[in-house]
Every structure is written in structure tokens, then in C-alpha cells.
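Peer 1: First, the structure itself, so that you have it in front of you.
The values are calculated or read from the model by the stated rules, or taken from the named source; none is laboratory data. Note that the structure is predicted; figures quoted are calculated from it, not measured. Quick reminder, even Gly has a Cβ in these numbers, built from the backbone with ideal geometry, and neighbours come from all protein chains shown. These area figures cover heavy atoms from the full protein model, side chains too; ligands, DNA and RNA do not enter into them. Shrake-Rupley method; radii C 1.70, N 1.55, O 1.52, S 1.80 Å.
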Amino acid sequence: MPAHRHVVPPYAAKGHLTLTESELRDWGEELGRSISPPLLITLTGELGVGKTTLAQAICRGYGVVEEITSPTYALIHEYRAPKSAVFHIDLYRLDSPDQLTNLGWDEIVSSRSLVLIEWPERAGSRLPEDHLPIDLDYVPDDPTRRILLAG
């Protein structure tokens, strides 16, 4: 997998590790513009923290022009972008990593695509080690900001 430069939120250099939703979207779009396939990105964090919001921003920056929606019920959405296909996967409803086989998991994670995975811990040992992890968390006592840890 090719090396990718780090996209640092503009306030990180000033000691701020938190982002508003607007800043999170901007960061995601910048990340999407800067990456090349194949790349697997995992998005972890509690329910409602902004994983889908970030995935949507990454897709927009990557060049997806169609509406990007949450794959919570469909489990997988596939989009087209100029650089490659984009797979947005939500594993929240999986009971076991064994269920990944029925989703075409092995083909997707080995494709030359951009793959965004929400709730990656549900993949267990089937999650490839070579991926870009992004973790989002709530800022205590500030519902307007999120902590973003990438890489």
C-alpha cells in the first residue's frame, strides 16, 4: 500500500486536538482529496460521535458526487469516484466476524479501492493490519466538539 501524508487538523499545531463538526468535515474532505487507492480506513467511536459524518466528508473529498448515506441497515454501500470504487461498510449489526464472508469481505478488503469501515472491531481478526485507523470521541462537557485521533 502506498504511503500517505498525514493530514493534520489546523488547530492541532496550536495544541488543540478537538474539532467542531464543520472542522471535522473540512478535515475529512482534505483527507479524501489527498489519498490514493488502495486504502482501508477504519472509523471507531461511540454511537453518534460522527463516524458517518466523517465518512461522508472523506467520500466527498475523494470525488464521490452521489448522495452518501449511512450503511447501517444495508451494511455496505458502494460508490464511484474518479480514482476508484468506494466501499462504505458499517459492521454495527454483525454478531460475529463469520458473517463477513456473506458480505464479500475478502474481495472488498483486497480490492484496489477506498474502503471505509465503521465499527471495525466487529471484524475481529479478519480486519487487515495494514489500514489507517481513525478514532473519534466526545469532548467531556462540550457537545459541539469531537476529539480526532488518526494514524
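Peer 1: Sort largest first and round to whole Å: the equivalent ellipsoid semi-axes of the chain, each the square root of five times a Cα gyration tensor eigenvalue. Numbers along the way, then the final one.
Peer 2: Details: eigenvalues 114, 64, 40 Å².
They are 24, 18, 14 Å, listed from largest to smallest.
Peer 1: State in Å² the accessible area per residue of the chain; use a 1.4 Å probe, count heavy atoms of protein chains only, and round to the nearest integer. Walk me through the numbers on the way to the answer.
Peer 2: Values: 7910 Å² over 151 residues.
Here the per-residue accessible area is 52 Å².
Peer 1: To one decimal place, what orientation-averaged projected area in nm² is obtained for the convex hull of the Cα set of the stretch 12-95? Intermediate results must be reported in sequence, preceding the final value.
Peer 2: Working: hull surface 25.0 nm².
Mean orientational projected area (the stretch 12-95, Cα hull): 6.3 nm².
Peer 1: Normalised by the residues of the chain, what does the relative contact order come to in percent, with Cα pairs under 8 Å and at least six apart? Could the numbers behind the result be given before it?
Peer 2: Details: 273 pairs, mean separation 44.8, N = 151.
Computed value for the chain: 30 percent relative contact order.
Peer 1: So, one more: Just for the chain, what percent of DSSP beta bridges are antiparallel, to the closest 5?
Peer 2: About 50 percent, rounded to the nearest 5.
Peer 1: Calculate the dipole size of the stretch 76-135 relative to its Cα centre from +1 charges on Lys and Arg beta carbons and -1 charges on Asp and Glu beta carbons; express the result in debye to the nearest 20. Write down the numbers at each step before the final one.
Peer 2: Working: 6 positive and 11 negative charges, 60 e Å.
Around 280 debye, computed over the stretch 76-135.
Peer 1: Which value, in debye to the nearest 20, describes the size of the charge dipole of the chain about its Cα centre when Lys and Arg Cβ atoms bear +1, Asp and Glu Cβ atoms bear -1, and nothing else is charged? Write down the numbers at each step before the final one.
Peer 2: On the way: 14 positive and 22 negative charges, 97 e Å.
Result for the chain is approximately 460 debye, rounded to the nearest 20.
Peer 1: Share of the chain's accessible area from carbon and sulfur, percent, 1.4 Å? Don't skip to the answer; put the middle values down first.
Peer 2: Values: 4040 of 7910 Å².
Taking all protein chains in place, the chain shows 51 percent carbon and sulfur surface.
Peer 1: How many angstrom separate the Cα center of the stretch 70-111 from the Cα center of the stretch 15-42?
Peer 2: Between the Cα centres of the stretch 70-111 and the stretch 15-42 lies a distance of 20 Å.
Peer 1: Using 0.36 nm per residue, how much length does the chain from GLU107 to LEU47 gain when fully extended, once their Cα-Cα distance is taken away? Write down the numbers at each step before the final one.
Peer 2: On the way: separation 60, 0.36 × 60 = 21.60 nm, distance 2.75 nm.
Gain on extension, GLU107 to LEU47, equals 18.9 nm.
Peer 1: Quick check: convex hull over the Cα atoms of the stretch 59-138, volume per residue in Å³, rounded to an integer? Kindly include the intermediate steps, with their values, before the conclusion.
Peer 2: Working: hull volume 9.0 nm³, N = 80.
Expressed per residue, the convex hull around the Cα atoms of the stretch 59-138 is 113 Å³.
Peer 1: Next question, about the same structure. Between SER125 and SER22, how many nm apart are label points set 7 Å from Cα along the C-beta direction?
Peer 2: With each label placed 7 Å out from Cα toward Cβ, I get 4.8 nm.
Peer 1: Scan the stretch 101-139 for GluC sites (Glu not before Pro) in coil per DSSP, keeping those whose Cβ has at most 11 other Cβ atoms within 10 Å, and list them by number. All intermediate terms of the calculation are to be shown ahead of the outcome.
Peer 2: Working: sites: GLU107, GLU118, GLU121, GLU129; in loops: GLU129.
Within the stretch 101-139, the qualifying GluC sites (Glu not before Pro) (loop, at most 11 other Cβ atoms within 10 Å) are GLU129.
Peer 1: Can you say what percent of the DSSP beta bridges in the stretch 76-151, counting only those with both residues inside, are antiparallel? Round to 5. Before the final figure, lay out the partial values.
Peer 2: Numbers: 11 of 16 bridges.
That works out to approximately 70 percent antiparallel.
Peer 1: For a protection proxy built on the mean count of beta-carbon atoms within 10 angstrom, sort 41-50, 25-34, 54-63 highest first, please. Write out the running numbers ahead of the final one.
Peer 2: Details: 41-50: 17.5, 25-34: 19.5, 54-63: 22.9.
Per-residue Cβ counts within 10 Å, averaged per peptide and sorted highest first, yield 54-63, 25-34, 41-50.
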